[in-house]
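These notes concern the structure reproduced below.
Laboratory data are not the source of any read-out in this text; all were calculated from the coordinates shown. Everything numeric here is computed off the predicted structure, so don't read it as measured data. FYI the Cβ positions are ideal-geometry reconstructions off the backbone, even for glycines, and counts take in every protein chain you see.
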Amino acid sequence: MIEIRDLHCYYGAIEALRGINMKIEDGAITCLIGSNGAGKTSTLKSISNVVCRTGGIIYDGVDLSHLRDIQIARQGVIHVPEGRGVFPGLTVEENLLTGTVNWHGLFGKGRYDQDLAEVYELFPRLQERRNQLAWSLSGGEQQMLAIGRGLMGRPKVMMLDEPSMGLAPLVVAELFEKIVEINRERGITILLVEQNAKLALKVSNYAYVLEQGCILLEGPAEELRYDPRVVSAYMGTG
Ligand code: ATP
């Protein structure tokens, strides 16, 4: 379990997180929803230590808050960032190999064949395109690549920031099936940040609603899905 205690995040004078507390249970999908600018991305960046923050982030008894970003990744807490962040001038396979943070550092040699095979089994389309440059992939394929690269880091916990962003509904549905498969069949804990609250609450076990840097609501996703406050504020009328 990851336990987040009194987490604050700052961008200069702006306080993006104002003391949030969360628990991310092992083996579950936990989602974080909220409006634009609520602090969802800042929460993930705070866990990964790529922003200025204070507070406790305890994972399996280890306080991650004192570790550097690469050390946190090596603990198995892997961040798949908003906007995918693939390297456009590298091939699909080269991009995947940049995710091998656990044994030989970036561009590690050696025992990655099994991990590559597992990523290709999950995303056959990446295997078909293994020698294609990443810029030439569709948005959905780039998101698969970003997730695949995360899997190459042998995650125990995967943090996914807005995986549905900019994708057509059918592509999103396909992608979310894979996310559920990663959780259920590979046993990887997921922390999911999503604008699409309806979808996020459908696949998650537990949910937090963030507003202006504070946790506004939390509970089992199945309950929040039908909570009138959530429905009216985050699910639109459509
Ligand atoms: P979105 O859904 O729009 O991505 P979010 O919930 O992920 O929003 P954050 O990106 O975490 O929200 O932003 C939280 C607050 O911090 C916002 O007020 C935002 O303007 C501010 N913020 C984020 N990044 C920076 C930055 N690099 N410099 C200054 N302020 C920032």
Does Lys178 satisfy the criteria of being among the charged types (D, E, K, R) and farther than 19 Å from Met144 by Cβ?
no
Cβ contacts < 7 Å: first residue under 11 Å from Ile57 (Cβ atoms), restricted to the stretch 1-16; second residue among the charged types (D, E, K, R) and away from the ligand (no atom under 14 Å from the Cβ), any location; separation 6+ or different chain. Result?
Glu3/Lys23
Filter result for the condition that a residue is within 25 Å of Lys198 (Cβ to Cβ) and either within 18 Å of the chain's Cα centre (by Cα) or exposed (fewer than 15 other Cβ atoms within 10 Å of the Cβ) (or both), over Thr43, Thr54
Thr43
Looking only at the stretch 38-70, count how many residues are farther than 16 Å from Tyr10 by Cβ, touching a Lys or Arg at 6+ places or on another chain (Cβ under 9 Å) and not in a strand (DSSP E or B).
2
Subset tally (residues that are more than 16 Å from the chain's Cα centre (by Cα) and either closer than 13 Å to Asn196 by Cα or among the acidic types (Asp, Glu) (or both)) for the stretch 135-165
1
Looking only at the stretch 1-37, filter to residues that are part of a strand (DSSP E or B) and of a type in the set (Ser, Thr, Tyr); which one of those is farthest from the ligand (Cβ to nearest atom)?
Thr30
Qualifying residue in the stretch 214-228 (condition: touching an Asp or Glu at 6+ places or on another chain (Cβ under 9 Å) and hydroxyl-bearing (Ser, Thr, Tyr)):
no
Just name the residue that is surrounded by the fewest Cβ atoms within 10 Å (Cβ to Cβ) out of those in the stretch 69-91 that are within 19 Å of Leu167 (Cα to Cα) and of a type in the set (A, V, I, L, M).
Val86
Right, Leu217: within 16 Å of the ligand (Cβ to nearest atom) and touching a helix residue (DSSP H, G or I) at 6+ places or on another chain (Cβ under 7 Å) or not?
yes
